[in-house]
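The values are calculated or read from the model by the stated rules, or taken from the named source; none is laboratory data. This one's a predicted model, so the numbers in the text were calculated from it and none came from an experiment. When we count neighbours, we look across all protein chains shown, and the Cβ atoms used for this are built from the backbone with ideal geometry, even at glycine. What goes into the accessible areas is simple: the full protein's heavy atoms, side chains included, and nothing from ligands, DNA or RNA. Shrake-Rupley method; radii C 1.70, N 1.55, O 1.52, S 1.80 Å.
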Amino acid sequence: VKIHHLNCGTMRMPGASLVCHVLLVETERALVLVDTGFGLRDIADPRGRLGGYRHVSRPALDPAETAVRQVRALGYAAEDVRHVLLTHLDSDHAGGLADFPHARVHVTRAEWEAARRPASGVERSRYRAVQWAHDPQIVTHDQGGESWRGFAAAAPLDEVAPGLVLIPLPGHTRGHAAYAVDDGGSWLLHAGDAFYHRSVLDGRGRQPFALTLQEAVVAADRERVRDNHARLAELHGRDDPDLMIVSSHDPSLLDDARRRGSAGS
Ligand SMILES: [Zn+2]
């Protein structure tokens, strides 16, 4: 297994420059993406595809940052990506789906239901159904029966590849999930939007106010968001030498992951 750490969408929010940290996992069987960031169709039609939220997130919309362009730059074809694992269906995570029409798209059942039948003002405004209007092959996952480092209901995705685990972490959205990837003896936990800024884990630096506000405004369940923060900080505090935790949007965690990846290979 080799993990590539991609930035599939620089965003320039007030007071915070963000990335969309996407994993490209080379397994023995196929390529697997964890999230997609923004896609080529988002760049072609930002108003229609991303709606008014783009004025808040201010994405760079650079074609070179799309997952599909980066996959090709690595010498692969889009069709080589057979699976996309989504942390959730917000537009900065699912926008690239249409660039991989052959992939099976894995998401929790709760998230797919939230996106198809939004039940609150926040849900109605956040999901952009146009991003999956190309009718991708959706594979929904229920809670699993395993524990992963103390996180319950984990579901190993052996049908995708050994060493990939879906961990339900609702809060940011109704069906948000994290993914753990076994990187040959060490684990990478991609926590998606369960936290934004590394200070949540290690107290280093301070989360920009714009992110704290954004996190509260868009949360499906603020109490669960806080609870997830506490659990992830506790996990980080154990200092397991074989574990790295990243989020979708913290650029310094992306840098760390890239450094660690190149050191290990
Ligand atoms: Zn996000």
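Of the residues GLN131, GLN214, GLN70, the one that moves most in a GNM of the chain with alpha-carbon contacts below 10 Å is GLN214.
The helix-only estimate of mean residue ellipticity at 222 nm for the chain, built from DSSP H runs of length n ≥ 4 each weighted as -39500 (n - 2.57), is -8000 deg cm²/dmol after division by the residue total.
Counting only heavy atoms of protein chains, what accessible area per residue, in Å², does the chain have with a probe of 1.4 Å? Write down the numbers at each step before the final one.
Values: 11390 Å² over 265 residues.
Here the per-residue accessible area is 43 Å².
If you take the beta carbon distance between GLU159 and GLU26 as r and set R0 to 22 Å, what does 1/(1 + (r/R0)^6) give as a FRET efficiency, to the nearest 0.05? Mind dumping the intermediate values first?
Working: r = 18 Å, r/R0 = 0.80.
E(calc), rounded to 0.05, equals 0.80.
With distances taken between every two different alpha-carbon atoms, the chain has a Kirkwood hydrodynamic radius of 18.2 Å. If you build a Gaussian network model of the chain, linking Cα atoms that sit under 10 Å apart, which residue out of GLY48, GLY163, GLY150 swings the most? Top of the fluctuation ranking is GLY150. Between ARG206, ARG47, ARG222, the GNM of the chain built on Cα springs shorter than 10 angstrom shows ARG206 fluctuating the most.
Rounded to two decimals, what is Rg over Rh for segment 164-215 when you use alpha-carbon atoms and the Kirkwood radius?
On the way: Rg = 12.9 Å, Rh = 12.3 Å.
In segment 164-215, Rg relative to Rh is 1.04.
Pull out a ≥ b ≥ c, the square roots of the eigenvalues of the alpha-carbon gyration tensor of segment 102-181, then state rounded if a/c is under 1.5, prolate if not and a/b is larger than b/c, and oblate in the remaining case.
Values: a/c = 2.78, a/b = 1.42, b/c = 1.96.
The shape class here is oblate.
Where the convex hull is taken over the Cα atoms of segment 38-115, what is its projected area averaged over directions, in nm²?
Working: hull surface 21.4 nm².
Mean projected area for segment 38-115: 5.3 nm², to one decimal.
All other residues whose Cβ lies under 9 angstrom from that of VAL1 are scored, Lys and Arg at +1 and Asp and Glu at -1, for a net of -3. Positive-end ranking of GLN207, GLY261, HIS236 along the dipole of the chain, with charges on Cβ about the Cα centre, is headed by GLN207. Accessible surface for SER199 stands near 20 Å², nearest 10, in the context of the full protein assembly shown (1.4 Å probe).
Expected output is a single nm value to one decimal: the length gained when fully extending between ALA152 and GLN137, i.e. 0.36 nm times separation in residues minus the C-alpha distance. What is it?
Numbers: separation 15, 0.36 × 15 = 5.40 nm, distance 2.70 nm.
Roughly 2.7 nm would be gained on extension.
For segment 130-265, what does the alpha-carbon gyration tensor say about shape, rounded, prolate or oblate, given a ≥ b ≥ c as the root eigenvalues, a/c under 1.5 as rounded, and a/b over b/c as prolate? Rounded is the answer for segment 130-265, as its axis ratio a/c remains below 1.5.
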